[in-house]
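Please read the structure below before turning to the comments.
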Amino acid sequence: MPYLVLTFGIAWGLLGAYIFLPQQAVARFGELSASHPGFIIAVWSPAFAAFALVAYYGGARGLLSFLSRLLLWRAPPAWYAYLFVGFPLVYVAGAAVKGNLLTDPFPFDGVAQMLAAMAFMLILGPVEEFGWRGLALPLLQRRLAPIWAALVLGLAWGLWHLPAFFLSGTPQSGWGFMPFFIGAICLSVILTPMFNAARGSILLAVLYHFQANNPLWPDAQPYDTFFFVLVALIVVILNRRTMFSRQGAVTAVIPDAPGMPGDRRV
């Protein structure tokens, strides 16, 4: 799939330079950090790949129609309840098991610092969703039932993050890869029925990704993974009718619009 070639090629190429040629990369581009332009480009590679492919197949009008999915917000209230209440509870439960829920200090010195951190996280990881859920998931659901599409995408999503675990200065450098990898698959499974229920909303996918990275939540690594596994199982059971059937699954990348053929080629 060209999308995966572009996404992995950009991210792994940039981060691979710091892994295999660290001295040269640092001398030329500077020390890597979460705010380093090279790291941000790597993180945004799923979006860059999606924009390039949508523009290639759909042109400027197709790209605008694709971006209109940011305006889709209608979804069953239960999904919003999970998004704004259930998500934080997973981290609270994980931190409680870890034993640091009431002992870790608040990570910010004031409101301004807190808002700045939240704003940065809102435009860092969530931008990935233009690619993962904006383009890749609908394409997978053309051939696979949502449960299998979610698992395949979760595997790719988790694996794509691998280079960041080998680099100091990245958010993943202090984490274990396997709990993260399993968690990514679970997050993909949970998000898929929400995405389909919201008719392919990129907005909900962006908010979901932000909640996964929200700097306000306590450090629950790696115990939050156990709770995401549990939530994923519950979500699959409750949505088993739609998760194992392609009927009702979102497959459109570019919504049909008057005067254009839709996204049949994408």
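The values are calculated or read from the model by the stated rules, or taken from the named source; none is laboratory data. Everything numeric in this text was worked out from a predicted model, so none of it was measured. Every residue, glycine as well, gets a Cβ built from its backbone with ideal geometry; the counts of neighbours run over all protein chains shown. Accessible surface is based on the protein model in full, side chains and every heavy atom, while ligands, DNA and RNA are left aside. Shrake-Rupley method; radii C 1.70, N 1.55, O 1.52, S 1.80 Å.
Assorted remarks:
- Residue match in the range 129-139 (condition: at pLDDT 95 or above, open to solvent by 10 Å² or more (accessible area, probe 1.4 Å) and either farther than 20 Å from residue 182 by Cβ or charged (D, E, K, R) (or both)): yes
For every residue, the table says whether it meets (1) aromatic (Phe, Trp, Tyr); (2) closer than 17 Å to residue 132 by Cβ; (3) modelled with pLDDT of 95 or more.
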site	(1), (2), (3)
50	no, yes, yes
68	no, no, yes
85	no, no, yes
110	no, no, no
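- The range 30-57, residues that are outside any helix (DSSP H, G or I), touching a Phe, Trp or Tyr at 6+ places or on another chain (Cβ under 9 Å) and open to solvent by less than 30 Å² (accessible area, probe 1.4 Å): 32, 34, 36
- Test: residue in the range 58-68 that is assigned to a helix (DSSP H, G or I) and among the polar types (S, T, N, Q): yes
- Among (1) closer than 17 Å to residue 15 by Cα; (2) touching a His at 6+ places or on another chain (Cβ under 9 Å) - the single one residue 181 does not satisfy: (1)
- Residue match in the range 18-27 (condition: buried (at least 16 other Cβ atoms within 10 Å of the Cβ) and under 28 Å from residue 255 (Cα atoms)): no
- Any hit, the range 111-123, residues being surrounded by 15 or more Cβ atoms within 10 Å (Cβ to Cβ), over 17 Å from the mean Cα position of the chain (by Cα) and within 24 Å of residue 10 (Cβ to Cβ): no
- Qualifying positions in the range 152-165 - out of contact with any Leu (no Cβ under 7 Å at 6 or more places or on another chain) and open to solvent by 60 Å² or more (accessible area, probe 1.4 Å): 155, 159
- Scanning the range 58-91 for residues that are among the β-branched types (Val, Ile, Thr) and open to solvent by 20 Å² or more (accessible area, probe 1.4 Å) gives a single hit, 85.
- Out of 165, 130, sole residue that is under 30 Å from residue 20 (Cα atoms) and touching a residue at least 60 places away in the same chain (Cβ under 8 Å): 130
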